[in-house]
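The values are calculated or read from the model by the stated rules, or taken from the named source; none is laboratory data. If you're wondering where the values come from, they're calculated on a predicted model, not measured in any experiment. Remember, those area values only see protein heavy atoms, side chains included, never the ligands or the DNA or RNA. Shrake-Rupley method; radii C 1.70, N 1.55, O 1.52, S 1.80 Å.
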Amino acid sequence: MLRLNPKRDPNKPCVYVGMTGLPVDHRFENHKNGYKAARLVRKYGVRLMPELYAHLNPMPYEHAVQMEKDLADDLRVQGYAVVGGT
């Protein structure tokens, strides 16, 4: 993870970026319960941060594929350590 986030600001949290067709809180609950879960979210996930993504929802799937990558890149530039976003 450090290799992917060389400019991480240690004062900012590590965030997971993904896309879903479910309500975001439901998807987070699925991660925490181990259903189609990202291992790091299941183990370390604490809370959602809607201030980072709420303005982007909803959007068509085709746009979401690109936005996932763009959001991950933007958050890295802002100093977040990002997992996902591929």
Those lysines that a straight Cα-Cα span of less than 20 Å connects to Lys32, excepting residues fewer than 8 apart in one chain: Lys43
Relative contact order %, the chain, counting alpha carbon pairs below 8 Å whose residues are six or more apart: 54 percent
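Compute the accessible area per residue over the chain, keeping the other protein chains in place, probe 1.4 Å, unit Å².
73 Å²
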Portion, in percent, of the accessible area of the chain that falls on carbon or sulfur, probe 1.4 Å: 56 percent
Largest-first principal axis extents, alpha carbons of the stretch 36-86, Å: 29, 27, 20
Reciprocal mean inverse distance between Cα atoms of the chain - Kirkwood radius, Å: 13.4 Å
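Per DSSP H run of at least 4 residues, take -39500 (n - 2.57); add these up for the chain, divide by its residues and hand me the 222 nm value, nearest 500 deg cm²/dmol.
Working: 3 runs with 33 residues, N = 86.
After summing the helix terms and dividing by the residues of the chain, the value is -11500 deg cm²/dmol.
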